[in-house]
Amino acid sequence: MQTEPLKAKCGQVFRNFCAQVQAIHIDQLELKWITISMLVIALFVGIITIDAFFHGVNPPSKVETIDSASLHLNKEFAEENLGVQIDDKGDITIRMVAGRYSFFPKHINVPAETSLTFRWVSMDVLHGVHIPMTNMSTMIVPGYVAEITTTFPKPGEYPVLCNEYCGLGHNHMWSNISVIAKEDWKAPVKSPAKGGSNNE
Ligand SMILES: [Cu+2]
């Protein structure tokens with residue numbers, strides 16, 4: 001019942017707005033620059049959209065949840081499943097837990113020039129992880145799994161730093177990764193964790 005008058009009112013407001021816009025005098029030169037600016041904005045938005053589509057960049061709404069209070073009971077993030085694991089297809093997954101004030105495991109060995117999938121969880125408060133010289137920089141929010149795929153281009157020692165203030169010991173919160181030449185790296189002898197459906 002209320003929709004018709006509302007629709008008419010909205011239509012009237014829109015018509016008034018259009019009339020006002022038409023009444024504004026816009027100089028030709030100004031119009032040219034407005035058009036150029038709009039095209040530049042459209043170009044940038046287009047580039048971002050296409051890039052996100054081809055690189056599989058997802059909005060933060062694509063979340064994977066986990067119970068931070070019972071990580072030790074969770075199959076995927078139980079202590080024996082942490083660290084580097086290689087599956088039958090040769091894909092490497094690294095599971096790490098952040099807690100005040102360290103990353104667990106404290107040290108891992110990974111191969112250089114190889115795609116590595118890191119899965120991070122927090123056992124207590126909000127943490128962050130930053131590995132200089134890589135694209136690894138994310139928040140580790142309690143209750144969520146942060147997954148990032150990265151590649152270390154060169155062998156060497158890489159620090160793993162917490163970049164979210166998490167308490168008095170925040171500045172001691174670090175860990176390190178030894179990146180080993182691809183041909184010298186040996187896969188750890190561990191049975192792969194069953195990922196996916198066991199996050200409750
Ligand atoms: Cu921290």
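One table, with the values for the structure above:
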{"quantity": "Residues that are aliphatic (A, V, I, L, M) and modelled with pLDDT of 90 or more, drawn from the range 149-189", "calculated": "V160, L161, L168, M173, I177, V179, I180, A181"}
{"quantity": "Hits in the range 149-184 (condition: open to solvent by 80 Å² or more (accessible area, probe 1.4 Å), within 16 Å of the ligand (Cβ to nearest atom) and in a strand (DSSP E or B))", "calculated": "W174"}
{"quantity": "Of all residues making up the range 135-148, the number that are without any contact (Cβ under 8 Å) to a residue 60 or more places away in the chain, farther than 13 Å from N163 by Cβ and open to solvent by 70 Å² or more (accessible area, probe 1.4 Å)", "calculated": "1"}
{"quantity": "Residue within the range 125-134 that is in contact with a Lys or Arg (Cβ under 9 Å, 6 or more places away or on another chain), open to solvent by less than 30 Å² (accessible area, probe 1.4 Å), outside any loop (DSSP other than H, G, I, E, B) and under 21 Å from E164 (Cβ atoms) present", "calculated": "yes"}
{"quantity": "The one condition in (1) modelled with pLDDT under 85; (2) in contact with a Pro (Cβ under 7 Å, 6 or more places away or on another chain) that L71 fails to fulfil", "calculated": "(2)"}
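The values are calculated or read from the model by the stated rules, or taken from the named source; none is laboratory data. All values reported here derive from a predicted model rather than from experimental measurement. Every residue, glycine among them, receives a Cβ derived from its backbone with ideal geometry; neighbour counts consider all protein chains shown. Just so you know, the surface numbers come from the protein's heavy atoms only, side chains and all, with ligands and any DNA or RNA stripped out. Shrake-Rupley method; radii C 1.70, N 1.55, O 1.52, S 1.80 Å.
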